[in-house]
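Colleague: Would you mind keeping the following structure in view while I ask a few things?
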Amino acid sequence: MSTTPTDYRPMWAGLGLDLEKHDALLAALGQAYGEVFLSQKGRPEGMKYFDFVMGEVHGLRIRELVDAKAAGRKVVGSYCVFVPEELILAVDGVSVGLCAGADFATAEAEAYLPRSTCSLIKSFFGFTLARVCPYVAACDLVVGENTCDGKKKSYEHFRGLVPRLHVMDMPSMKSPEGKALFAAAVRRFATELEDLSGRRITRDALRKGIETVNAKRAAVHRLSRMRAADPAPISGLDALLVNQVFFYDDPVRFTGAVSAICDEMEARIGRGAGAARKGAPRILLSGCPMAVPNWKLPAIVEGAGAVIVGEESCIGERGTRNLTESHGATVEDLLDRVVDRYWQVDCAVFTPNPTRLEHVREMAAAYRADGVIHYSLQFCTPYQMESLLVERELEKAGVPVLRVDTDYGSEDAEQLRTRVEAFLERIRR
Ligand code: BJ8
């Protein structure tokens, strides 16, 4: 996050941000980014685009959102990969991810939430209450979802903190009845977007939205597949960053930037070059999503000499797996295709959730992982509970597992480092 000559302060003030707190946040982010990302060796040249995006994450990108609003477009923010971006694009809206990955204004957040709430929820409350998130401030509509109990109940409070909130009602079982409930939730969301934007969703607009989102998913799939190479052509930190920027950037520009990195990685693989040492221990991360700037665990893992080769996470392959079919004679047909695609997301809030276990095992094999680190946020019951099942499934396949429960704080960093180093010692080839 380099300092930029453009003065965005009037824009931030216009969005109602607390400039003093926001300055403090940007300074901390910039420092963390420099330490974690810019200090890496052997990064693909194409990561410069992502450095620029992160440097402008509260600047140029917010200017684009403000300009889009001035042109009559609507900005829609969400906290979950069950919220279909295709529908937002179909009403010419702009979709932004709002999850936050740092502790901020925790005391204010705890005035609404029990202390035993996961960091992710506390963080998005803290960022909103402290008025330091220009993405939330720019939103015309915020979309929540009844997934875990923490999110479900927290939106009852969050409704009073944002101008307009729509909550998608989610089932908890992958039964035909559950799918019908989800299909109804997707249709209610489509109606909400039509009401917000004053535009009807047409078949052509929805197909175009599907194709745009498919293209960006296909680009990250290509990047993921290349990480099977040894040496890995990109660090796990940089690949995670790409997956994080997936939620913020203009989708077409993002697709182009990821494709450029893939071209470069292809050439690297051809030369036998990589971002990591050949034979470095290969780790698959699995579990809760890691939002910007939650880089603690990956930085520890790669700092210890391993390379992360995949993320079984919603900010990663669980979120981007599968494309949406774009054929259909009517809007209703295409809405059904959207439902089919999102229904496959295997979040731990579903019970039972067997496909996630299959996917973790498949990913460990496809990316030739030597071990899996299962990452849960403290107080995240769905992922903490499911971690034992993931461990058992992988151990049946002979893949060692380290289960980690942590939060956004840095107090446990040394203890985590010790556990990760001991795990790497165990799996070193
Ligand atoms: S589809 S993983 S993005 S809900 S960490 S808030 S689960 S207590 S984020 Fe998620 Fe959608 Fe599922 Fe993906 Fe609750 Fe756990 Fe906190 Fe979580």
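The values are calculated or read from the model by the stated rules, or taken from the named source; none is laboratory data. Remember, predicted model here, so these are calculated numbers, not experimental data. For neighbour counting, all protein chains shown are included, and Cβ atoms are generated from backbone atoms with ideal geometry for every residue, glycine included.
Colleague: Can you name every one of the helices (runs of 4 or more DSSP H) wholly within segment 211-323 that holds 2 or more residues which are more than 24 Å from Tyr79 (Cβ to Cβ) and among the aliphatic types (A, V, I, L, M)?
Modeller: Once the helices (runs of 4 or more DSSP H) in segment 211-323 are filtered for at least 2 residues that are more than 24 Å from Tyr79 (Cβ to Cβ) and among the aliphatic types (A, V, I, L, M), what remains is 251-271, 296-303.
Colleague: Before we move on, is Ala369 touching a residue at least 40 places away in the same chain (Cβ under 8 Å), away from the ligand (no atom under 14 Å from the Cβ), assigned to a loop (DSSP other than H, G, I, E, B) and touching a Leu at 6+ places or on another chain (Cβ under 9 Å)?
Modeller: The answer is yes for Ala369.
Colleague: Next question, about the same structure. Among all residue pairs at least 6 apart or on different chains, which show Cβ distances below 9 Å where the first residue, located in segment 143-163, is at pLDDT below 95 and the second is of a type in the set (A, V, I, L, M, F, W, C) and not in a loop (DSSP other than H, G, I, E, B)?
Modeller: Once the first residue is at pLDDT below 95 and sits in segment 143-163, no partner that is of a type in the set (A, V, I, L, M, F, W, C) and not in a loop (DSSP other than H, G, I, E, B) comes close enough.
Colleague: For segment 216-233, indicate whether the set of residues that are over 24 Å from Arg368 (Cα atoms) and surrounded by 19 or more Cβ atoms within 10 Å (Cβ to Cβ) is non-empty.
Modeller: yes
Colleague: Answer yes or no as to whether Ala130 is surrounded by fewer than 24 Cβ atoms within 10 Å (Cβ to Cβ), within 21 Å of Tyr375 (Cβ to Cβ) and modelled with pLDDT of 95 or more.
Modeller: Here the answer is no, as Ala130 does not meet what is asked.
Colleague: When segment 372-413 is examined, which residues are found to be closer than 17 Å to Pro352 by Cα and within 16 Å of the ligand (Cβ to nearest atom)?
Modeller: Selection gives Cys380, Thr381, Pro382, Tyr383, Gln384, Met385, Glu386, Ser387, Leu388, Leu389, Val390.
Colleague: Right, next: Which helices (runs of 4 or more DSSP H) does segment 93-180 wholly contain that include 2 or more residues that are under 17 Å from the mean Cα position of the chain (by Cα) and either within 14 Å of the ligand (Cβ to nearest atom) or polar (S, T, N, Q) (or both)?
Modeller: Filter on segment 93-180 gives 119-129.
Colleague: Looking at Val360, Val345, which one is of a type in the set (Val, Ile, Thr) and part of a helix (DSSP H, G or I)?
Modeller: So the residue among Val360, Val345 that is of a type in the set (Val, Ile, Thr) and part of a helix (DSSP H, G or I) is Val360.
Colleague: Additional query: Somewhere in segment 26-49, is a residue under 30 Å from Ser326 (Cα atoms), of a type outside the set (Asp, Glu), in a helix (DSSP H, G or I) and more than 16 Å from the ligand (Cβ to nearest atom)?
Modeller: Yes, there is a match, as at least one residue in segment 26-49 is under 30 Å from Ser326 (Cα atoms), of a type outside the set (Asp, Glu), in a helix (DSSP H, G or I) and more than 16 Å from the ligand (Cβ to nearest atom).
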